[in-house]
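To start, the structure under review is shown below, and the notes come after it.
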Amino acid sequence: MEDNKTIFGKILRKEIPAEVIYEDDFCLAFKDIAPKAPTHILLIPKKLIPKLSDAQSEDAELLGHMMVSVGKVTRMLGIEDAFRLVINNGAKAQQTVFHLHMHILSGRAFNWPPG
Ligand code: AMP
């Protein structure tokens, strides 16, 4: 975790504050600082995986845990029936922080196909 120079590494090390709404041994969920929907939560693994396409077979359990945690967080917030889960992978897909994160968005209408 010490080698993680991203802003999310700093949040994990508590060097900068975040509005944490869920934490367990493997992941952390906190409010996005610039929300794109009335509810905008970021769920990150504590392990540094820069982007989803960097994940390896050994990360399968962690990724599964994160998906189950999305369910837990959305149930906690009462948005389990209406949210969008987004992972931007790579700069061309608008990823700006290179520590894997899942965007949980809710509270407004969403277009399909996504922009
Ligand atoms: P992405 O563009 O997919 O890499 O998303 C990065 C997200 O991190 C953006 O939605 C930012 O608003 C959010 N973000 C950046 N810095 C912080 C921070 N200090 N606390 C919470 N969210 C942040």
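Each value in this text was obtained by applying a stated rule to the coordinates, not by laboratory testing. Just so it is clear, the model here is predicted, and its values are computed rather than measured. So basically every Cβ, Gly included, is an ideal-geometry build from the backbone, and we count neighbours across all protein chains shown.
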Helix-only mean residue ellipticity at 222 nm for the chain, each DSSP H run of n ≥ 4 adding -39500 (n - 2.57), per residue, nearest 500: -6500 deg cm²/dmol
In nm, give the distance between the simple-model label positions of ILE7 and GLU23, each being 7 Å from the Cα along the Cα-to-Cβ direction. 1.9
Mean projected area, convex hull of alpha-carbon positions in the chain, reported to one decimal in nm², is 7.4
Going by Cα centres, the stretch 1-29 and the stretch 70-105 are how many Å apart? 16
Using a 10 angstrom Cβ neighbour count of at most 15 plus a DSSP loop assignment to flag exposed GluC sites (Glu not before Pro), which longest range of the chain is free of such sites? 20-79
Computed FRET efficiency, Cβ-Cβ of ARG84 and LEU62, R0 22 Å: what is it to the nearest 0.05? 0.50
Helix axis angle, 60-77 relative to the chain longest principal axis, alpha carbon, degrees: 40
